[in-house]
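Asker: Have a look at this one.
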Amino acid sequence: MGIKVENLSYSYPGNQKRKPALENVSLEIARGEFAVISGTSGAGKSTLIKHFNGILTPESGRVTVDGLDTTSREVRRKVGMLFQHSQDQLFEETIYKEIAFGPSNFGIRGEELKERVHDALSFVHLDTRILNRSPFSLSGGEKRRVALAGIMALRPTYLVLDEPTAGLDPESRTKLLGRLQNIHKKGVGIIVVSHNMEEILPFAQKVISMEEGKIVFTGSPEEYLRVGHSPVSLLTRLIKELNRKGANLREDIFTAEEALKELQKLRPEKEREISEKIDGTVMQENV
Amino acid sequence: MYEITFNYVYGNSLLHRLDPRTKLGAVMCLSILIFREGSFAGMGLLIAFFLLLTGISGVRLSFLLRSVRPLFFVIIIIFCFQLFETKGTPIVTLPVFTPTYEGLRLGALLSLRFELLLLYATLFTASTLPSQITNGIERLLRPLPLRYLGVTSFDLATMMSLSIRFLPSFLENAATIRSAQLARGLDFRHDLRRGTTAIVVPLIRRSILLAEEVTEAMESRCYQGSRRTSIHELSMQKSDWKALFILALFIILILTL
């Protein structure tokens, strides 16, 4: 069970002479897992996730979701996918129709459809009073929430999001990440493509790092930090800097609580020693 | 990911190096010739001339033929229509449609005409970059008193080159929106009308917004739409005049035939 990718290679049509977008990629994401896919632009992240719900089909290799081949239409319903610029995909006359578009494509009608739309809307904290308004009357952030609701109404087993926090204000980011955590608790597998490891690592169970169409790392967030893959968060940089000054702290930490616990180890004499050292360097630098 | 070169083939042949205005003028003259030509002998000459130019350009003939293939179907319909609908001496007598000798002649001429027009145009775009074509058109329009209509040839040129630049991002947007709607379970086979709306509405919206962004970016870089100079100002070379002279000879040859 889960999403299984075996020896997947893919080149975009008409581009065969150039490097393939994906080269011999294999990975497994378990059901209900929270996975993060990271990597620079052009590393093949977006190409990879498009294979999860069969928008792209493998040139060679195999992709299965819960044992189903991705050419099966059922996979589209199982794997909900929210793309970048999701606010640009809206087209219906009303928000109700917009959210109902997905489930109705899979033949859901009547009361169940209505229930799904309302559930999805309350999930993204939008008022049911807006259901009859045009989606174009909403702000950018609200449009994105409607787009997310449109995917959630499919009640997917896996939710794949491509850069979901890009361009959001800090408050909306926190809210969105909280929402993702909530769905994850309900047993939905979450797969996030992100550059911003700092904000996403605390939620992740698995990190997949890609470079030039290949997977260069798969493992837990702790391992990811230990191996020293960039980009490193501010917290990791702080701990690494402290270690350089003579502290002996774990470097695989990404939550504030854990960091606090680890930093308390330094008390009392070590802390003084280090802070003096730091003060010293700061003074020197100021001079 | 998306590169639009139309069907430009990189090269440095005489045909590639000619001024775009020379080539534009030549294509126009040749098109008129093709349309007024009523004899197979003349057509033969035009075909020979085309083959000669293709030889000079170094573009493979198969490439040119391949790029006009999509319209082949239309040409066959035109041919059949002429063949069966022209009145005259029947070739064989069939119950409903009767092919005639006059029809055969007319159909062959017409389809040859279309095919040749397309081939000349394809040869032109294969040996001239879109930006060069724009440049050429701009320079040709410059003497016209367009400003009385509220536009200048520079505006037109900017519009043309912007549209060409826009195509790749337009296609990319279309692909993204298509993926997004497919992810929401869109099925074209099931409902084509709805499927089209689901892609066209967001695409048009996005394109207009993008155009707005580009306008603002251009204005913030002080674009005023006034006369602009070009880094590669076009100038007619000796080879251009020679080419035009040869073209004139060819036209006279065809006309006197």
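Asker: Using amide H atoms built 1.01 Å from N in the peptide plane, name the residues 5+ places from A:Ile190, or on other chains, whose amide H lies under 5 Å from its own.
Answerer: A:Glu33, A:Phe34, A:Ala35, A:Leu159
Asker: To the nearest 20 debye, what is the magnitude of the charge dipole of region A:3-221 about its Cα centre, counting +1 on the Cβ of each Lys and Arg and -1 on the Cβ of each Asp and Glu? Spell out each step's value before the answer.
Answerer: Numbers: 29 positive and 26 negative charges, 54 e Å.
About 260 debye.
Asker: Related question: Using a 10 Å cut-off around each Cβ of peptide A:81-94, what is the average number of partner chain Cβ atoms that fall inside? Kindly include the intermediate steps, with their values, before the conclusion.
Answerer: On the way: counts 5, 3, 6, 2, 6, 3, 2, 10, 14, 5, 12, 4, 1, 0.
Counting Cβ atoms of other protein chains within 10 Å of each residue's Cβ and averaging gives 5.
Asker: Kyte-Doolittle mean at least 0.0 and Cα extent at least 15 Å along the axis: which DSSP H helices of chain B qualify? Mind showing how you got there, number by number?
Answerer: Values: long enough: B:20-36 (24 Å, 1.01); B:40-57 (25 Å, 2.18); B:72-85 (20 Å, 2.54); B:101-127 (39 Å, 0.99); B:130-141 (16 Å, -0.16); B:153-183 (45 Å, 0.62); B:192-220 (42 Å, 0.38); B:238-256 (27 Å, 1.71).
Counting only whole DSSP H runs, the qualifying helices are B:20-36, B:40-57, B:72-85, B:101-127, B:153-183, B:192-220, B:238-256.
Asker: Related question: Could you size up the charge dipole of region B:14-131 around its Cα centre, putting +1 on the beta carbon of Lys and Arg and -1 on that of Asp and Glu, and report it in debye to the nearest 20?
Answerer: On the way: 10 positive and 5 negative charges, 61 e Å.
For this selection, approximately 300 debye.
Asker: May I ask you to list the trypsin sites (Lys or Arg not before Pro) in region B:190-224 that are in a DSSP loop and have at most 10 other Cβ atoms within 10 Å of their Cβ?
Answerer: Values: sites: B:Arg193, B:Arg194, B:Arg205, B:Arg206, B:Arg221; in loops: B:Arg221.
Passing both the DSSP loop test and the Cβ count: B:Arg221.
Asker: Using only the Cα atoms of region B:14-131, what do you get for the radius of gyration and for Dmax, in Å?
Answerer: That works out to 16.7, 56 Å for Rg and Dmax.
Asker: I want to check the label-to-label distance for B:Leu257 and B:Leu141. Put each point 7 Å from Cα in the C-beta direction and report it in nm to one decimal.
Answerer: The modelled label-to-label distance comes out at 3.4 nm.
Asker: Right, next: Mind ordering A:191-203, B:150-162, B:22-34 by average Cβ neighbours within 10 Å, highest first? Could you put the intermediate results ahead of the total?
Answerer: Details: A:191-203: 19.6, B:150-162: 15.8, B:22-34: 18.0.
Ranking the peptides A:191-203, B:150-162, B:22-34 by packing returns A:191-203, B:22-34, B:150-162.
Asker: Another question, then. Would you mind giving the average projected area, over all directions, of the Cα convex hull of region A:170-247 in nm² with one decimal? Before the final figure, lay out the partial values.
Answerer: Details: hull surface 25.8 nm².
Projected area, direction-averaged: 6.4 nm².
Asker: I would also like to ask the following. Within region A:78-110, which residues have the backbone N less than 14 Å from the label spot 7 Å out from A:His118 along Cα→beta-carbon, could you tell me?
Answerer: So the set is A:110.
Asker: Which one of B:Leu146, B:Ser179, B:Leu192 has its Cα pushed farthest toward the positive end of the charge dipole of region B:130-257, where Lys and Arg give +1 and Asp and Glu give -1 at the Cβ?
Answerer: After comparing all options, I get B:Leu192.
Asker: Taking 0.36 nm per residue of separation and subtracting the Cα-Cα distance, what length does fully extending A:Met1 through A:Leu68 add? Intermediate values should be presented prior to the final figure.
Answerer: On the way: separation 67, 0.36 × 67 = 24.12 nm, distance 0.94 nm.
Going from the current span to full extension adds 23.2 nm.
Asker: For B:Val200 and B:Leu94 in the same chain, what is the full-extension length gain: residue separation times 0.36 nm, less their Cα-Cα distance, in nm? Kindly include the intermediate steps, with their values, before the conclusion.
Answerer: Working: separation 106, 0.36 × 106 = 38.16 nm, distance 4.69 nm.
Result: 33.5 nm gained on full extension.
Asker: Could you work out the Rg to Rh ratio of region A:3-221, with Rh taken as the Kirkwood radius (inverse of the mean 1/r over all Cα pairs)?
Answerer: Working: Rg = 17.3 Å, Rh = 17.9 Å.
Rounded to two decimals, Rg/Rh equals 0.97.
Asker: May I pose another question? Along the charge dipole of the protein assembly as shown, pointing to its positive end and built from +1/-1 on Cβ of Lys, Arg, Asp and Glu, which listed residue (B:Leu71, B:His232, A:Gly219) has its Cα farthest out?
Answerer: So the residue furthest toward the plus end is B:Leu71.
Asker: Which FRET efficiency, nearest 0.05, do A:Lys185 and B:Ala211 yield, Cβ-Cβ r, R0 56 Å?
Answerer: On the way: r = 44 Å, r/R0 = 0.78.
E between A:Lys185 and B:Ala211, to the nearest 0.05, is 0.80.
Asker: Okay, next question. Can you pull the Rg over Rh of region B:153-220, Cα-only, Kirkwood? Don't jump to the answer; show the numbers that get you there.
Answerer: Values: Rg = 15.1 Å, Rh = 13.5 Å.
Reported Rg/Rh (Cα atoms, Kirkwood Rh): 1.11.
Asker: Taking the dipole about the Cα centre of region A:21-136, with the C-beta of Lys and Arg at +1 and of Asp and Glu at -1, give me whichever of A:Leu131, A:Thr71, A:Val25 is farthest to the positive side.
Answerer: A:Leu131
Asker: Is the C-alpha gyration tensor of the protein assembly as shown telling us rounded, prolate or oblate? Criteria: a/c under 1.5 is rounded; beyond that, a/b larger than b/c is prolate, otherwise oblate.
Answerer: Values: a/c = 2.51, a/b = 1.82, b/c = 1.38.
Cα axes put the protein assembly as shown in the prolate bin.
Asker: Evaluate peptide A:104-114: per residue, the Cβ atoms of other protein chains within 10 Å of its Cβ; return the mean as an integer.
Answerer: Values: counts 3, 11, 3, 2, 1, 0, 0, 0, 0, 0, 0.
Taking the mean over all residues of the peptide, I get 2.
Asker: For region B:101-257, what is the convex hull (Cα atoms) projected area averaged across all directions, in square nanometres? Walk me through the intermediate numbers first.
Answerer: On the way: hull surface 67.1 nm².
With the hull built on Cα positions only, its mean projection is 16.8 nm².
Asker: While we're on this one: Take each of the peptides A:136-145, A:42-51, B:244-253, average the number of other beta-carbon atoms within 10 Å over its residues, and list them starting from the highest. Write out the running numbers ahead of the final one.
Answerer: Values: A:136-145: 16.2, A:42-51: 21.8, B:244-253: 13.3.
Top to bottom by mean Cβ count within 10 Å: A:42-51, A:136-145, B:244-253.
Asker: What full-extension length gain, to one decimal in nm, is calculated for B:Gln224 and B:Arg60 as 0.36 nm per residue of separation minus the Cα-Cα distance?
Answerer: Contour length minus the Cα-Cα distance gives 54.8 nm.
Asker: Please work out the C-alpha center-to-center distance from region A:23-64 to region B:136-178 and express it in whole Å.
Answerer: 39 Å
Asker: Taking the Cα centre of the protein assembly as shown as the origin, how large is its charge dipole in debye, to the nearest 20, when only Lys and Arg (+1) and Asp and Glu (-1) carry charge on their Cβ atoms? Working shown, then result.
Answerer: Values: 67 positive and 57 negative charges, 264 e Å.
Using only the charged Cβ atoms, the result is roughly 1260 debye.
Readers should treat all values here as calculations from the given coordinates under stated rules, not as data from a laboratory. Bear in mind that the values here come from a model prediction, so they are computed numbers and not experimental data. As a convention, Cβ positions derive from the backbone with ideal geometry for all residues, glycine included, and neighbour counts pool all protein chains shown.
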